[in-house]
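The values are calculated or read from the model by the stated rules, or taken from the named source; none is laboratory data. Since we're looking at a predicted model, the values are computed, not measured. Quick reminder, even Gly has a Cβ in these numbers, built from the backbone with ideal geometry, and neighbours come from all protein chains shown. Just so you know, the surface numbers come from the protein's heavy atoms only, side chains and all, with ligands and any DNA or RNA stripped out. Shrake-Rupley method; radii C 1.70, N 1.55, O 1.52, S 1.80 Å.
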Amino acid sequence: MKNKILSIVIIVLSLASCQDDFLQRPSLIQLSEESFWVDADDAVEGVNSIYNAYYQLNNTFTNYGMLDDFSDIAYQTWSTGMTTGQYVAYGSFFSGPWGILYKGIYRANTAIKRIPDISMDESLKSRLMGEAKFLRALFYFKLRDYFGGVPIYDTPMNYDEAYKPRNTVEQVDSFIVQDLTDAIDLLPSGYSSGDAGRATKWAAMSLRGKTYLFGQEWEMAAADFDFVIKNSGRDLHPVYEQLFNFKWEDNSEVIFDAQYIMVEGFGNRCDITYGNRNTKTGGWQRTVPTVKLIDSYEMADGTPFNWDNFETINGEAFDPSNADDWAKEDLVKEIFNNRDPRLQQTVVVPWSTFIGEGGKTLIYKWPQDASDSECFVSNFQAVYAWRKFVHQGDENSQRYNSPNNIPEIRFADVLLMYAEAKNEQSGPDESVYNAINRVRARVSMPPIPEGTKDEVRERIRHERRVEFPGEGLWYSDIRRWKIGVELCNHDVEGFIGNKLRTRGFAEREYLWAIPSSEIDLNPELTQNPGWE
């Protein structure tokens with residue numbers, strides 16, 4: 001929705017008296033005023049305001065690598081909190097997303113209640129109802145992912161009416177599925193360019209399949225994903241790295257994303273948080289990919305990467321903890337160049353190039369020398385840097401307003417979720433291998449070998465790890481698979497073995513804390529285990 005500026009400005013002005021926190025606002029009735037919900041323009045602007053809440057949520061999460069900083073594949077350089085198990089239930093980290101999500105739900109509830117009474121084109125009315133139901137389902141899916149069972153509110157209400165107890169996860173899933181089933185019937189298959197970015201029936205079906213997947217309803221999940229694969233007309237975009245640059249937005253792979261523009265107040269924070277000091281916008285590198293992520297990328301022939309396979313000119317094994325070995329340019333290039341192409345399309349590695357401000361080609365030399373005008377200089381000692389979502393050269397001049405869209409669901413995700421659901425349902429078959437290998441073939445990686453159900457499960461998990469870093473999917477994956485404790489308790493190191501932080505992940509972190517401020521306001525709420 002790149003033409004959404006005027007509509008959102010209008011709706012934000014109309015909502016100026018609303019505060020952000022769902023249960024702490026003095027009034028939640030502004031969108032319900034009879035003077036607003038009177039014609040089609042009001043209906044469109046009201047639905048646009050629901051999208052606005054979704055963009056706010058993602059702008060919060062970009063500060064943490066879309067939450068992958070809380071997994072083993074990325075880490076925060078600026079704060080600790082969830083990365084070391086130090087967050088507490090009364091912290092704003094939990095109350096912020098909770099408030100944004102319920103604000104979006106309130107706006108969706110208001111639209112769903114008011115739009116049917118507006119005299120307007122019936123096809124537009126149906127579409128807007130479908131968008132509102134899809135977005136409400138998406139918000140509840142996020143709440144279910146992070147917090148587990150939460151109170152279900154399906155009508156707009158004032159803060160003094162919001163005293164429901166938590167529904168179960170199963171009840172939340174059923175509510176989400178019903179909203180998405182309705183949305184599938186109401187939404188179109190696509191839009192003209194002027195409305196690109198709005199929810200489609202394929203987005204609704206993909207999210208319904210994902211809801212089934214998270215609930216381990218494998219057969220239902222596989223059926224939804226299979227239908228999207230065969231009927232949506234979506235396909236993998238041919239060049240992986242282009243997926244994360246605004247110049248190729250709205251391509252065939254996008255099923256649903258958060259759309260941003262290079263205008264103050266309407267962009268995201270990726271360039272400042274993912275980016276580095278060499279960019280035009282002077283990024284802070286608040287999120288950094290880890291050594292564990294980089295070492296997980298396979299060799300180009302599909303074999304696992306192993307440091308022991310590389311020797312210095314003296315015949316000694318390359319020692320990544322020896323800073324002198326990293327100064328051997330040709331050897332380091334050999335280590336990185338014959339790997340899964342997604343590695344260097346995602347990450348800036350030593351002795352690779354990066355286009356800095358003014359179009360100047362920089363080299364990530366080691367050791368770094370800030371006085372060398374040709375040297376890429378990272379913000380921190382001996383760390384890798386994100387290339388994904390980061391503008392090079394002079395592409396972006398807005399430090400806090402990157403125009404890159406952030407994908408919520410893309411076709412590669414649907415393929416791998418289908419493979420997972422089908423494998424868990426009945427074990428690997430030809431369709432499972434085809435789905436996985438289709439994602440790998442995009443970057444010229446060889447097919448995976450046939451294996452058992454358990455072996456293919458690990459292959460699917462590997463593929464998700466290297467396909468989606470920095471997009472926030474891996475953090476949700478390791479929590480739903482209950483492998484976070486296994487993966488995330490370790491020292492985080494720079495590439496020369498320098499200790500950066502001790503990473504912590506406790507059992508309680510599979511679900512976030514219900515914000516203490518909400519429990520104080522609503523005594524019917526109960527806390528998640530370990531956060532009491």
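Carbon-plus-sulfur fraction of the accessible area of region 269-404, 1.4 Å probe, in percent? Whole-percent figure for carbon plus sulfur exposure: 43. All other residues whose Cβ lies under 12 angstrom from that of Ala203 are scored, Lys and Arg at +1 and Asp and Glu at -1, for a net of +2. Less than 5 angstrom separates the built amide H of Trp386 from those of Val348, all sequence-distant by 5 or more or on a different chain. Centroid-to-centroid, using Cα positions, region 303-342 and region 226-290 are 30 Å apart. Couplings for region 442-451, taken from phi via the Karplus curve 6.51 cos²θ - 1.76 cosθ + 1.60 with θ = phi - 60°, read 4, 10, 6, 8, x, x, 7, x, 5, x Hz in order; Gly and Pro are left as x.
Which of Cys270, Gln285, Trp351 sits closest to the plus end of the dipole of region 269-404, meaning its Cα is farthest towards the positive end, when Lys and Arg get +1 and Asp and Glu get -1 on the C-beta? Positive-end residue among those listed: Cys270. Other residues with beta-carbon under 11 Å from the beta-carbon of Asn251 carry, at +1 per Lys or Arg and -1 per Asp or Glu, a net charge of -2. Counted by Cβ distance under 9 Å from Gly484, the other residues give a net charge of -2, where Lys and Arg count +1 and Asp and Glu count -1.
What number, in percent, do you get for the relative contact order of region 384-532 if the mean sequence gap of Cα pairs under 8 Å and at least 6 apart is divided by its residue count?
Reported relative contact order: 14 percent.
In order along region 307-321, the phi-based Karplus estimate (6.51 cos²θ - 1.76 cosθ + 1.60, θ = phi - 60°) of 3J(HN,Hα) comes to 4, 5, 7, 10, 10, 6, 4, 8, x, 8, 5, 4, 10, x, 8 Hz; Gly and Pro are listed as x.
Using 1/(1 + (r/R0)^6) with R0 = 35 angstrom and r between the beta carbons of Gln86 and Gln242, what's the FRET efficiency to the nearest 0.05? With a Förster radius of 35 Å, E is 0.35. Measure up Lys365/Lys482; Lys333/Lys499; Lys125/Lys388; Lys201/Lys280; Lys230/Lys453; Lys230/Lys388 against 27 Å on the Cα-Cα distance and list the ones that go over. Pairs exceeding the cut-off: Lys365/Lys482; Lys125/Lys388; Lys201/Lys280; Lys230/Lys388.
For the chain, a simple Cβ point-charge model (Lys and Arg +1, Asp and Glu -1, everything else neutral) yields a dipole of about 520 debye relative to the Cα centre. Of the residues Gly215, Ser35, Pro469, the one whose Cα sits farthest towards the positive end of the charge dipole of the chain is Ser35 (charges of +1 on Lys and Arg Cβ, -1 on Asp and Glu Cβ, taken about the Cα centre).
Computed with a 1.4 Å probe on the full set of protein chains, the accessible area for Cys270 sits at about 0 Å². Computed from phi, the 3J(HN,Hα) profile of region 279-285 under the Karplus parametrisation 6.51, -1.76, 1.60 (θ = phi - 60°) reads 7, 4, 8, x, x, 8, 6 Hz, with x in place of Gly and Pro. Amide H contacts under 5 Å for Arg166: Thr526, restricted to partners 5 or more places along the chain or on a different chain, H placed in the peptide plane at 1.01 Å from N. Near Glu298, the amide H atoms lying under 5 Å from its own belong to Asp340; only residues 5 or more places off or on other chains count, and H is placed 1.01 Å from N.
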